[in-house]
Amino acid sequence: MEALQAWASTRPRYVIAGALGALVLGVLLSGIAALEFYHWELGTGLLFVTLWSFPRRWWPWALVAAMLSHPHPGLVAPVLEPLLVMAGVIVLHAWSVRPGAEVSLRRIGRIHVVALLTAVAMALAEVLMAVVGPEAWQPDLREMAGAAPFGDGGRASLLGNLLLRHLLCDFIGILLVLPLAYWAAAAPVRHVTPSVAVLLRAVFVMGPVAGLYLWLGLAFPGSEFAELFRLLLVAAVVVFTLWQGWRGAVAAMLMISAAVALEEALGNPRMSPIVTQAYVGVVGALTLLFGASVDDFRRQAADLVRARRQEHRLLDELQDAALRNLQLEESERQRLARELHDEFGQNLAALQTHLKLAAPHLASAGRPGMADLLLEITRAMQRNISRVLSDLRPAGLEQLGLFGAVDRGSVRRLAQDAGLEMDVRLEGDARLLAQLDGTHATAIYRMAQEAVTNIVRHADARRCQLTLRISRRRNALWVFLDIRDDGLGRLDRLLPGNGITGMRDRVLALNGALYLHQLSPGLRLHLMVRQEDGAPGTGR
């Protein structure tokens, strides 16, 4: 199309291209009219697709070709019907249904609406000419309405049959051609079955089905099973559409139309012309809508799968980042602990030595208690630094292992100093504790320490129970920490602080989860973390 637009940039070339295009279109429309098969008006569909596909600068040529090749006598029908088709194309363009646009259920639905409105307008025009037009404009109503019209054969009945027949033939003509052109103009989509494959499947699957339908009609003319044959054909179309989507619906609709047309051409139709039109129109329209809905569902399912994969990837990245931050925090704690130990520890030891050496001089100067006071201050500083070092780098964890540090280390001492009766239990295979890496072991220890600290500070509890359970499942180590108390804590009174936020962040960084439950009395904190196999074992 772009090449044609570029070549026809000058007026002489535009006139040449337009005249040739009009000639080709006129020949095609005249050939379709010469077939005298009016069950569905393919000429209407061809004109609709031509106007829909080409820019508006080419429309006058197409309209002239359609008017000159119109099979009906007179002037009104050859002029009015192409203009009505053009109006339908304008509406379809206004609804953003253009060549190359993404196929969707909404756009296929709009094609049906425009095709129906166009067909209704053209059928009304035919009936209006038959009623109020001059004698030369009026066709033979019985011939146009069909050999077997509905009703009593009166004029009103014939006009009703004429309206219905023209409506169906124009509607089917547009639905047979426009979806095929939409398919051809659609941009290729990745991860979708190629169009050639869909056509081949239609030939090898729906072709035999249509052939069987024809054979049954020829082998059993006038059979009572005709309705069953049609239902079987519809079932085959539905299954093929479910398999191949809306493109399969287009191919299946063409197969149905070809089978019914051959049945009509062989002179042994099982249905009257209007019933045939209604059958093809209803089945074709519903099949196209069903195929478009199937494709929309598959597209949404694929989008959902991609979104979930993206979500999982982002969650993995966030978890990796949180774990790196946790490891960096532990590394920074260890560095600070080393510097405090090396700098302050040595300086305090030196200060104590100098104070002991200076004690006699202070006593001779009349300050005998000054040295003892300064020594007590340095000892208090040493105790404070030892506590800070224990918080920064739990020495008990390295010496006693995870369970030992909780049961016999600073956590136990914290509970004893507060008068809290603490029961510590280990469940599972204790040998698995040695396979915990330093990051997981330290995080679990700190969360146990923080939980017991919260109980001591806020719960006013007398007893607490701490259960540590470890197991191996699905190529990973699972560690569960369950802490319960009989204090006064309530979930509805917990503040965002109280160490819960820090514990939750640590748990999430270790790909775990943390839960709080209300007991009567007290609270229960239950957390679990997972360590994938392959991490170096540094815990005990």
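Of the helices (runs of 4 or more DSSP H) lying entirely inside the stretch 17-125, none contains at least 3 residues that are touching a Lys or Arg at 6+ places or on another chain (Cβ under 9 Å) and within 18 Å of R165 (Cβ to Cβ). Please determine whether any residue of the stretch 429-449 is under 20 Å from L525 (Cα atoms), modelled with pLDDT under 90, more than 46 Å from the chain's Cα centre (by Cα) and not β-branched (V, I, T). No, the stretch 429-449 contains no residue that is under 20 Å from L525 (Cα atoms), modelled with pLDDT under 90, more than 46 Å from the chain's Cα centre (by Cα) and not β-branched (V, I, T). Here the stretch 187-202 is the region considered, the condition is being in contact (Cβ under 8 Å) with a residue 24 or more places away in the chain and either more than 26 Å from the chain's Cα centre (by Cα) or surrounded by 17 or more Cβ atoms within 10 Å (Cβ to Cβ) (or both), and the residue that is nearest to T276 (Cα to Cα) is A202.
Which of the residues belonging to the stretch 215-252 are modelled with pLDDT of 80 or more, over 25 Å from the mean Cα position of the chain (by Cα) and open to solvent by less than 10 Å² (accessible area, probe 1.4 Å)? Passing the criteria: L233, V237, V250, A251, A252. Residues of the stretch 494-540 that are in contact with a helix residue (DSSP H, G or I) (Cβ under 7 Å, 6 or more places away or on another chain), at pLDDT below 80 and hydrophobic (A, V, I, L, M, F, W, C): L494 alone. Of all the listed residues (P360, P368), the sole one being out of contact with any strand residue (DSSP E or B) (no Cβ under 9 Å at 6 or more places or on another chain), on the phi < 0 side of the Ramachandran plot, at pLDDT 75 or above and loosely packed, with under 15 Cβ neighbours inside 10 Å is P360. Of the residues in the stretch 49-70, none is open to solvent by 70 Å² or more (accessible area, probe 1.4 Å), at pLDDT below 90 and over 30 Å from T10 (Cβ atoms).
The values are calculated or read from the model by the stated rules, or taken from the named source; none is laboratory data. As the structure is a prediction and not an experimental result, all values here were calculated from the model. FYI the Cβ positions are ideal-geometry reconstructions off the backbone, even for glycines, and counts take in every protein chain you see. Protein only, heavy atoms only, side chains kept; ligands, DNA and RNA dropped before computing areas. Shrake-Rupley method; radii C 1.70, N 1.55, O 1.52, S 1.80 Å.
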